[in-house]
Amino acid sequence: LAEAQRRADQRFEELAEAQRRTEQRLEELAATVQMLIETQRQTEQRLQELTKQVGALSNLLGATLEAEAASVIEVVLRRKGYQPLGSPFPLTFDGELDVLLPAKDVAGRVIWVVVEAKARLSKSDVRAWADRMRSAGWQKRMAARGYPGPFLAYFYALRADLGARELIQAEGLGLLGSEGEIIAPEQLIEPLAS
């Protein structure tokens, strides 16, 4: 009995020591979990800050592209014999028009020059914008706002992929870059009969 009691006491001490180690590990684990929670909170905060910064950078890039497009289109129009009738401006309507500018052509007819500015221009961008420009509903809404057309349509792009360039030509639209006109529009987009 004494030997059994001694073994039981030893086993009890071993179990008590194991319990102390387990409690110590649980405390370490709890501290690690708290550290991970704090790290995650800090990461989420930094991600929110980064999201704001990327948004601001995106807005700045968009505004810069639109300003460049406005500057380039004025020079291109004058070189082609058009007379700008005011300053280029953006129009937030049915989606944003990056640059809108009234001008007179060589015959004295008032036209509306529209420019869509993109950092990277894809074929799908061209398709969507060309469809919108030729939409009777869109043209009607533009006319109701005082922009009746006809429209001289350009894209301004830092980079236009080959598919986009081919579709621009197929659609008869124009393409501008920082150095000027890359592809000349084939014709005006005339207002559709209502």
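Structure summary
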read-out: Where a residue in segment 169-194 is farther than 20 Å from R78 by Cα and its partner, wherever it lies, is in a strand (DSSP E or B), with Cβ under 8 Å and at least six apart; value: Q169/I183
read-out: Filter result for I73 (open to solvent by less than 60 Å² (accessible area, probe 1.4 Å), in a strand (DSSP E or B) and β-branched (V, I, T)); value: no
read-out: Listing of helices (runs of 4 or more DSSP H) fully contained in segment 77-194 that carry 1 or more residues being among the hydroxyl-bearing types (S, T, Y) and open to solvent by 10 Å² or more (accessible area, probe 1.4 Å); value: 123-133
read-out: Residue list for segment 114-136, filter: of a type in the set (A, V, I, L, M, F, W, C) and without any contact (Cβ under 8 Å) to a residue 12 or more places away in the chain; value: A128
read-out: When residues of segment 63-78 are limited to those that are without any contact (Cβ under 8 Å) to a residue 24 or more places away in the chain and under 19 Å from L175 (Cβ atoms), the one nearest to the chain's Cα centre (by Cα); value: T64
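The values are calculated or read from the model by the stated rules, or taken from the named source; none is laboratory data. Worth saying up front: this structure is predicted, and the values here are computed from it rather than measured. With ideal geometry, Cβ positions are generated from the backbone for all residues, glycine too; neighbour counts draw on all protein chains shown. Keep in mind that these areas ignore ligands, DNA and RNA; they rest on the heavy atoms of the full protein, side chains included. Shrake-Rupley method; radii C 1.70, N 1.55, O 1.52, S 1.80 Å.
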